[in-house]
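Trainee: My questions will all concern the structure given below.
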Amino acid sequence: MPIFYFPELCLAQLLALGWSSHWFLRRNDEIPLLISGFLFYCGAFRYLAVIQGWSRGWVQLQNFGFTAITEPDALQALFPIVLGELCMLSVYAYGQRRSVPVLATRHQTDPTAEGSLLRWLRPRVLLLGLGMLPLVVLTRSRLLAQILSGRSLAFGVSGYLYLFPLALVGVAVLLLCVWKRGGFSSWSSRLVGTLLLLGLAQLTFGPAGRFQFLGWLVAAGVIVSSTYRPRVRLVILAGFAAIALGLFAIAGTLRGNDLSDLDFRQSAWERAFSAEDANMLDGFVLLQQVYPRQLDYSVGGEHLEILLRPIPRVLWPSKPVGGYMNKLGLITAESGFTLGISPTLFGSFYAEGGILGILVFAGLYGYVLARLILYSSQLPPFAGLLIRAITCAALVPLLRGGDLPGIYAWIGMAFWPCFFVLWLKRRELKGRSPTPQAPVPPFFRSHR
């Protein structure tokens, strides 16, 4: 018998979403809003969509030895997700008590250190983008050739080769930050920047990279809205979320190659409003069938694998595999396919230690996120905005969950251009910039 039923759990997520909206209006901080909005869509809304018949039903993997998912199973999985969400938000709210300032629009002739940084960065980020586009096309052609030759994507192809195109996400975030801070002062640089963003969008949009595309769209919303007041920002972010949801559904629909134009539009609409692609609740149910019945809790082992994952398998052939489907032997180098239903980030925490693992790691992640946003608010506007954009973009695949070491590999390969710039200019970005920042209105300031 479940501890809580759907009305209570749904109400808890709605209250978390409402509180996050109030928090955003008070402190101009979008992190709780992103967390609660994403988890509500793949949690309570996913459950409601299935039981109301808006979706085609739960994911079923009986042919792999899993039992069929039922409504009580889904309800039992929804409780730890809500518990982890509330724990993470509570710790974050306790640790992050600073209002994020509204950035003032920077004049292009700004003589401050930020102006010098942007003038230094502008030609280099444009050259990086122009160089990355053909490299990514070449890398993808080589990757496709290896797959067509019979190599397994999970075991026979270099992970670095597979993840290299993700650097386009970091290039896009850098471009948007430089543009927003007034770094593109000439029409020619703006034209090249526009063409680069269109090319980056085309190369990152598709069925296989939907969460990558969604991540940098979220970052784009954060960057574009950074100079507006919280109420206006909320409208802008809602618009970006609607666009992202629509494009995300279209990318999922592209998997069906035999759809007519009418069927395609109908399928995309149904996917967007039935949480068909947000089946992380289903993934949590499947995970609960594995831990601890078939596999012992990893007790921190999955986080330890983050340090081991960068080691190439060619140097360590016996390197332990990641993901419970691999550990159970359901996916091997000979199977020729990859499979896995993401169980949200709290599914990874559950695999570490059950409910206790969720409470411990949710609190730890909430604390780390709070410290990160506090740190970003002490940096010059460009660096602070870049770090918040990276954090929001990384939260999308992170909250989705799944193979946690693989997600951190995704983050590292996607944002290495941003990390490199922050490291290279760490001395210039060490102190608070004298560039003026528009204050948050008194009503929205924190009261301590």
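Trainee: Select from the range 19-65 the residues that are polar (S, T, N, Q) and either crowded, with 20+ Cβ neighbours inside 10 Å or on the phi > 0 side of the Ramachandran plot (or both) and write down the one among them that is farthest from the chain's Cα centre (by Cα).
Mentor: The residue in question is Ser55.
Trainee: Among (1) at pLDDT below 90; (2) closer than 30 Å to Asn326 by Cα; (3) in a helix (DSSP H, G or I); (4) within 25 Å of the chain's Cα centre (by Cα), where does Met132 come up short?
Mentor: Of the numbered conditions (1) at pLDDT below 90; (2) closer than 30 Å to Asn326 by Cα; (3) in a helix (DSSP H, G or I); (4) within 25 Å of the chain's Cα centre (by Cα), the odd one out for Met132 is (2).
Trainee: If you don't mind, another one. Mind checking which residues of the range 310-324 are of a type in the set (Ser, Thr, Tyr) and under 16 Å from Met413 (Cβ atoms)?
Mentor: Passing the criteria: none in range.
Trainee: Let me ask something additional. Quickly run through the range 153-186 and pick out the residues that are under 26 Å from Val222 (Cβ atoms), at pLDDT below 85 and either surrounded by fewer than 16 Cβ atoms within 10 Å (Cβ to Cβ) or of a type in the set (Lys, Arg) (or both).
Mentor: Ser185, Ser186, listed by residue number.
Trainee: Which fully enclosed helices (runs of 4 or more DSSP H) of the range 157-246 have 3 or more residues being within 18 Å of Ile387 (Cβ to Cβ)?
Mentor: Correct list: 167-180, 210-224.
Trainee: When you check Leu25 against the structure, is it more than 23 Å from Pro380 (Cα to Cα) and either assigned to a helix (DSSP H, G or I) or of a type in the set (Lys, Arg) (or both), yes or no?
Mentor: No, not satisfied.
Trainee: So for the range 403-413 (the condition being of a type in the set (D, E, K, R), surrounded by fewer than 21 Cβ atoms within 10 Å (Cβ to Cβ) and touching a residue at least 60 places away in the same chain (Cβ under 8 Å)), does at least one residue qualify?
Mentor: Taking every residue of the range 403-413 in turn, none turns out to be of a type in the set (D, E, K, R), surrounded by fewer than 21 Cβ atoms within 10 Å (Cβ to Cβ) and touching a residue at least 60 places away in the same chain (Cβ under 8 Å).
Trainee: Related question: Quick one: what pairs do we get from the range 39-50, first residue in contact (Cβ under 8 Å) with a residue 24 or more places away in the chain and in a helix (DSSP H, G or I), second of a type in the set (Phe, Trp, Tyr) and surrounded by 24 or more Cβ atoms within 10 Å (Cβ to Cβ), C-beta under 9 Å, 6+ apart or different chains?
Mentor: Hits for this filter: Leu39/Phe346.
The values are calculated or read from the model by the stated rules, or taken from the named source; none is laboratory data. Just so you know, these numbers come straight off a predicted model, no measurement behind them. Quick reminder, even Gly has a Cβ in these numbers, built from the backbone with ideal geometry, and neighbours come from all protein chains shown.
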